[in-house]
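Enquirer: I'd like to ask some things about the structure below.
The values are calculated or read from the model by the stated rules, or taken from the named source; none is laboratory data. Please read these numbers as outputs of a predicted model, since none were measured by experiment. Positions of Cβ are backbone-derived with ideal geometry, glycine not excepted, and every protein chain shown enters the neighbour counts. Remember, those area values only see protein heavy atoms, side chains included, never the ligands or the DNA or RNA. Shrake-Rupley method; radii C 1.70, N 1.55, O 1.52, S 1.80 Å.
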Amino acid sequence: MTDPKIPVTEDELHAYVDNELPGERRGDVEAWLATHPEDAERVQAWRTMAEALHARYDAVANEPVPRRLDLERLMQPARKWLYGAIAASVLSFVAGSGAGWIAHGAAAKPSLLQSFTLEALDAHRLYVVEVRHPVEVPGSERVHLQQWLTKRCGWDVRAPELGATGLKLVGGRLLPGPTGATAFFMYEGPSGERFTLYCGQTSDQQTALRYTAGSQNAAYYWVDQNVAYVLSGPAERDKLRDIAQAAYDQIDSRSTPRGG
């Protein structure tokens with residue numbers, strides 16, 4: 001069996017694994033794999049990872065994308081000021097007759113940090129199921145990733161080193177958040193379990209680690225120097241706390257928001 005005339009690309013190998021490869025190239029890819037054992041091993045590894053991710057996360061794979069994670073929000077920051085001005089006008093107008101009701105509504109509204117944590121858990125559920133595109137920038141480009149996110153987010157963004165807890169950096173991406181551009185990092189363990197760190201500026205005061213849990217995922221969250229962090233992962237509290245503590249210990253001494 002000879003190699004195909006047109007070399008097989010990595011994108012085609014991924015498409016082959018995902019059963020998205022055009023039929024006319026399938027034979028070429030199979031011929032390529034028969035004579036390139038290293039690529040054949042990579043394809044098998046990707047298939048094994050895909051099967052593990054489907055087994056662990058299929059329950060949330062088909063959930064709709066939350067509206068608050070729409071990337072269009074990053075392109076329209078001015079709307080927040082408009083909405084804020086409208087809200088302020090409305091509150092001023094009804095303050096004389098409805099102060100009690102307004103106070104009741106304000107008390108029932110989640111805090112900024114609670115909203116931040118909910119968005120972090122939504123982002124975690126959305127991206128941990130991705131096999132081909134879990135991140136925008138791979139972990140192999142850590143320096144570039146950190147520089148890019150720092151420029152876009154407006155504060156000194158750093159991806160914690162979590163190798164001591166058995167995790168490697170898959171990579172990261174830019175996401176919208178309650179207060180603007182937010183950094184999102186993904187880490188992966190040896191058996192395919194994934195953890196994410198979601199972080200962005202907040203007006204909340206500094207806090208210690210706090211825990212919250214959902215039906216399938218959980219998170220530890222904290223604030224350091226006006227930056228909120230949410231470490232999300234499978235609902236195994238002890239392991240999650242160890243990872244969050246490792247991230248917390250590194251971030252605590254080096255996160256320096258640049259104001260603005």
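Enquirer: Are there chymotrypsin sites (Phe, Trp or Tyr not before Pro) in region 126-183 that DSSP marks as loop and that have at most 13 other Cβ atoms within 10 Å, and which are they?
Expert: none
Enquirer: Measuring from label point to label point, each 7 Å out along Cα→Cβ, what is the Asp249 to Ser203 span in nm?
Expert: 3.5
Enquirer: Let me ask another. At what distance in nm do the modelled label points of Glu38 and Arg241 sit from each other, each positioned 7 Å from its Cα along Cα→Cβ?
Expert: 4.5
Enquirer: Length gain on complete extension for the stretch Glu20 to Gln216, per 0.36 nm per residue less the alpha carbon to alpha carbon distance?
Expert: Working: separation 196, 0.36 × 196 = 70.56 nm, distance 2.99 nm.
Length gained, Glu20 through Gln216: 67.6 nm.
Enquirer: While we're on this one: Over the Cα atoms of region 109-260, Rg to Rh with Kirkwood Rh, two decimal places?
Expert: Computed over Cα atoms, the ratio is 0.92.
Enquirer: For Gln114 paired with Thr179, estimate the spin-label separation in nm (one decimal), with each label point 7 Å from Cα along the Cα-to-Cβ line.
Expert: It works out to 1.8 nm between the two label points.
Enquirer: Find the accessible area per residue for region 119-260; the probe is 1.4 Å, ligands and nucleic acids are left out, and the unit is Å².
Expert: Numbers: 5810 Å² over 142 residues.
Computed with neighbouring chains in place, this is 41 Å² per residue.
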